[in-house]
Structures are given as C-alpha cells and as structure tokens.
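Below you'll find the structure, written out as structure tokens, and then a few comments.
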Amino acid sequence: RANVVVIPITYDFAESFKGDLAIVQEYSLSGVIDKSGKKVLETGYNMVEILNNQFIIANNGALFGLFDRTGKEILPMVYTSITNYNEDLLMLQNSESIKFFLTKENKLIDFNMDVDDDSISTDENASE
C-alpha cells in the first residue's frame, strides 16, 4: 500500500517485519508491533527476538520470558537464558533447573539430572 504509515516516527529504531511482527525501540528499550502499528509487546525490554512469527523471547536485563504473537505471557520472566535450538525446541535455564519448551505442542518439559546417582528423568507438564 502506497503512502500508508505502518511504523510511526515515534520509534527510535524499527526492524523490517518478520511475517506480521516487527521489533521497535524507544529510548533503547525494545518491543514488538504488528502490521497495523499496534503494540503487541510494550517497549520496555533490553532485548526481544521474534521466533517464526509465533513467539517472542524477551529479556528485561536479568531474566528472559516467552510471549505469544499477541503479547500474552506463555512462560514467565524467570529464566537466566532461553536458547532457540530450532523452530520446534527451546531450552530454558535458571539457577534451579533446565527445561525444554516444545513450540508446536506448547508443552513444557522439566529435565532433571541427579548428580549423585547419574540418573536423568523428565517430567512432562502441559504449559498453560
């Protein structure tokens, strides 16, 4: 569409759209907008990453969390890292645990390793 403002000049920086979403910055803090210009994720994060136009990883400087494409929190901001292995799998870490998130199933899996007896177990829980 010619002559239609999609990303208002109010932002200091804007990336190109990835699907229907784009990362924007105000005062060096990042957020996400959709193609209508509506804020999906408020600009208040040190870092955001859009995954497959479906999920948004956000970092508030110390911790990471996961949001869906509408800005709804999927996983709280309690992880020290979120690693994107591929479009189907994320690894989440904090000081207490390692978890995996299966993006296509929207499922969170706890990964526990008992160092004393070298055993590994998983506890599958459906994510809300």
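The values are calculated or read from the model by the stated rules, or taken from the named source; none is laboratory data. These figures come from a predicted structure and were not determined experimentally. Cβ coordinates were reconstructed from backbone atoms using ideal geometry, including for glycine residues, and neighbour counts include every protein chain displayed. Each accessible area value is taken on the protein alone, full model and side chains, heavy atoms only, with ligands, DNA and RNA left out. Shrake-Rupley method; radii C 1.70, N 1.55, O 1.52, S 1.80 Å.
What the table shows:
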{"item": "Of residues in the stretch 44-57 being assigned to a strand (DSSP E or B) and touching a residue at least 24 places away in the same chain (Cβ under 8 Å), the one farthest from residue 104 (Cα to Cα)", "result": "48"}
{"item": "Single residue of the stretch 44-70 satisfying the filter (open to solvent by 30 Å² or more (accessible area, probe 1.4 Å) and of a type in the set (Gly, Ala, Ser)) that is nearest to residue 29 (Cα to Cα)", "result": "44"}
{"item": "Check on residue 37, under 30 Å from residue 9 (Cα atoms), open to solvent by less than 70 Å² (accessible area, probe 1.4 Å), among the small types (Gly, Ala, Ser) and at pLDDT below 90", "result": "yes"}
{"item": "Total residues in the stretch 4-43, condition acidic (Asp, Glu), in a strand (DSSP E or B) and within 13 Å of residue 71 (Cβ to Cβ)", "result": "2"}
{"item": "Tally of residues being open to solvent by 60 Å² or more (accessible area, probe 1.4 Å) and within 10 Å of the chain's Cα centre (by Cα) across the stretch 76-108", "result": "1"}
{"item": "Test for residue 16: is it in contact with an Asp or Glu (Cβ under 9 Å, 6 or more places away or on another chain), among the small types (Gly, Ala, Ser) and open to solvent by 20 Å² or more (accessible area, probe 1.4 Å)", "result": "no"}
{"item": "Filter result (out of contact with any strand residue (DSSP E or B) (no Cβ under 6 Å at 6 or more places or on another chain) and either over 23 Å from residue 33 (Cβ atoms) or part of a strand (DSSP E or B) (or both)) within the stretch 58-83", "result": "62, 78"}
{"item": "The lone exception for residue 73 - which of (1) closer than 30 Å to residue 111 by Cα; (2) open to solvent by less than 70 Å² (accessible area, probe 1.4 Å) it fails", "result": "(2)"}
